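The values are calculated or read from the model by the stated rules, or taken from the named source; none is laboratory data. Values in this document were obtained by computation on a predicted structure and should not be read as measured data. Note: ideal-geometry Cβ built from the backbone for every residue, glycine included; neighbour counts use all protein chains shown. Quick note on the areas: whole protein, heavy atoms, side chains included, nothing else; ligands and nucleic acids left out. Shrake-Rupley method; radii C 1.70, N 1.55, O 1.52, S 1.80 Å.
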Amino acid sequence: MKRTAIFASFVAALFFTACNTETTTTEGTTTVATEEASTTTGEGATYQIAADQSNVKWHGTKVTGEHMGEIDVQSGELVVNGDQLTSGTIVIDMNTITNSDITAEEDNQKLVGHLKSDDFFGVEKYPTAKFEITGASPIADAAVGEPNYNVSGNLTIKDKTEQVNFPATVTVNNGTVNAKADVKVDRSKFDVRYGSETFFGSLGDKAIHDEFTVTFDVTAQQ
């Protein structure tokens, strides 16, 4: 699912770019969930993320090209008060990083192995990344199909946490929540150093850009 010479695109985060617990309060009444599979909090009903219906994609670039792939969502939840997203957590399984643009199997696995190594995400020591929503504000008069929330939260990769902000498209319908977003992640803030001019100065055509994109498409159900 991924491939970028950087990642945390897992989680994002990042390159793959990751993500887990969220606390944003919405004033008003608390919605009580009626389904056994859901729980309630002070901010609404908790919907469990369906990992088999969710995915995270990453896209990283370098001076001489680009790489992309995917990473599995391990677990998580989204909290909804009425029809408003209020908080949530997404946990990403960094061991599942894949690459989708290299067709030669040996080269593909070489890149994936490098991304999993300590040069990038060190997945043996840091097997998961996570994103915790700390704020979710509806965008007034958002056009259909366009982002309808401004989301903020804490992204954690390699045990380092940074705040990120981005627009998202969220729908709540018949016991299902879907959230989609493209998140720009600066890997240098998570100590992902390989090929980074932030750490090593000018690298010419060997440089890998610090910023990569993590695309979330997450479904949660009661």
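Can you work out the accessible area per residue across the stretch 61-205, with the rest of the protein chains kept in place, probe 1.4 Å, in square angstrom?
Value returned for the stretch 61-205: 50 Å² of accessible area per residue.
Explain nothing, just the number: relative contact order of the stretch 76-147, from Cα pairs under 8 Å at least 6 residues apart, as a whole percent.
Reported relative contact order: 36 percent.
Can you list the HN-Hα couplings for the stretch 140-157, worked out from phi with the Karplus curve (6.51, -1.76, 1.60; θ = phi - 60°), rounded to whole Hz and with x for Gly and Pro?
5, 6, 5, 5, 4, x, 9, x, 10, 9, 9, 10, 10, x, 10, 9, 10, 9
How many percent of the accessible area of the stretch 146-222 is carbon or sulfur, using a 1.4 Å probe?
40 percent
Taking 7 Å along the Cα-to-C-beta vector as the label spot, tell me the residue 139-residue 171 distance in nanometres, rounded to one decimal.
Placing both labels 7 Å beyond Cα along the Cβ direction yields 1.6 nm.
Grab the Cα-Cα distance for residue 159 and residue 100, subtract it from 0.36 nm times how many residues apart they are, and report the gain in nm with one decimal.
Taking 0.36 nm per residue and subtracting the Cα distance, the gain is 18.6 nm.
What does the extension gain come out to for residue 124 and residue 191, with contour length at 0.36 nm per residue minus their alpha carbon separation?
Full-extension gain reported as 22.6 nm.
Subtracting the Cα-Cα distance from 0.36 nm times the residue separation, let me have the gained length for residue 107 to residue 48 in nm, one decimal.
Stretched out fully, the residue 107 to residue 48 stretch lengthens by 17.6 nm.
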